[in-house]
């Protein structure tokens, strides 16, 4: 047990999905898992374990932002033996090439967060996805005829920038596809502790075109993203 998690050793599977929203974790467990069991409810950051197609898998909410995610990821790896972590979330689009409902599979994650920067002295660490998870996710997305993009994601500590889209101009010019708040810390911690990680996000609103996803389309898109992530997480 930890200050943030009352699960016992062995309560989590070695593969865990990581949504930010606790209610999304509950929805994933109740919608997709066979025989889901609640294993953590501290601070209502819900965690569940069940099976997917007969294979053990867990889901754990991480809250919003890199500081919150870092607590749960650190503990899942170091206290509960988790080896594979897949973020499943939503993101804003930074290019008109990515349409609403498209998946962004984050190969790398840039960030404005000192959470990554402060750990590496003079070096600029490049947070990167696990290649085997990335390759499997792309292959399965193609097989399912999903719309997907692979590239750089921005993990920002700020949701409401004072200068709006202008704050992202340099990253957009260098090909960043979307913006969310967690992937860079996830990739950094996975590298630090010899785990595997991948972030898959559904683009729900484009900051460039101002297109937004409807409630009905959001649910369908999340179904596609979660089933893809579950297949990837339980493949090994």
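The values are calculated or read from the model by the stated rules, or taken from the named source; none is laboratory data. Note that the structure is a prediction, hence the values are computed from the model and not measured. Virtual Cβ from ideal backbone geometry, glycine too; neighbours counted across all protein chains shown.
Okay, residues lined up against (1) more than 14 Å from residue 234 (Cα to Cα); (2) crowded, with 24+ Cβ neighbours inside 10 Å:
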residue	(1), (2)
1	yes, no
10	yes, no
22	yes, no
59	no, yes
62	yes, yes
77	yes, no
Could you figure out which of (1) in contact with a strand residue (DSSP E or B) (Cβ under 9 Å, 6 or more places away or on another chain); (2) touching a residue at least 40 places away in the same chain (Cβ under 8 Å); (3) over 23 Å from residue 13 (Cα atoms) isn't true of residue 182?
(3)
Give the residue, chosen from 84, 128, that is in contact with a strand residue (DSSP E or B) (Cβ under 6 Å, 6 or more places away or on another chain) and more than 29 Å from residue 37 (Cβ to Cβ).
128
Qualifying residues in the range 182-192 (those that are within 15 Å of residue 118 (Cα to Cα) and over 12 Å from the mean Cα position of the chain (by Cα)) - the one surrounded by the most Cβ atoms within 10 Å (Cβ to Cβ):
188
Against the condition crowded, with 22+ Cβ neighbours inside 10 Å, touching a helix residue (DSSP H, G or I) at 6+ places or on another chain (Cβ under 9 Å) and farther than 28 Å from residue 112 by Cα, how does residue 179 come out, does it pass?
no
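Rundown of residues vs (1) surrounded by 24 or more Cβ atoms within 10 Å (Cβ to Cβ); (2) assigned to a loop (DSSP other than H, G, I, E, B), yes/no style:
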site: 165; (1), (2): no, no
site: 168; (1), (2): no, no
site: 171; (1), (2): no, no
site: 175; (1), (2): no, yes
site: 197; (1), (2): yes, no
site: 204; (1), (2): no, no
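Restricting attention to strands (runs of 3 or more DSSP E) lying wholly within the range 1-85, give those where 1 or more residues are within 16 Å of residue 189 (Cβ to Cβ). Steps first, please.
Working: elements: 15-18, 34-40, 47-52, 55-60.
Filter on the range 1-85 gives 15-18, 55-60.
Taking the range 147-163 on its own, how many of its residues are in a loop (DSSP other than H, G, I, E, B) and crowded, with 19+ Cβ neighbours inside 10 Å? Talk me through it step by step, then tell me what you get.
So in the range 147-163, the residues in a loop (DSSP other than H, G, I, E, B) come out as 147, 156-163.
Applying the additional criterion that residues be crowded, with 19+ Cβ neighbours inside 10 Å yields 156.
Count: 1.
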If you scan the range 119-144, which residues turn out to be part of a helix (DSSP H, G or I) and either at positive phi or in contact (Cβ under 8 Å) with a residue 60 or more places away in the chain (or both)?
132, 133, 134, 136, 137, 140, 141
When you scan the range 26-40, how many residues do you find that are over 20 Å from residue 196 (Cβ atoms) and crowded, with 16+ Cβ neighbours inside 10 Å?
8
Taking into account only those residues within the range 85-102 that are modelled with pLDDT of 95 or more and touching a helix residue (DSSP H, G or I) at 6+ places or on another chain (Cβ under 6 Å), which is surrounded by the fewest Cβ atoms within 10 Å (Cβ to Cβ)?
88
Name every residue in the range 17-27 that is touching a helix residue (DSSP H, G or I) at 6+ places or on another chain (Cβ under 6 Å) and closer than 19 Å to residue 84 by Cβ, in order of residue number.
17, 19
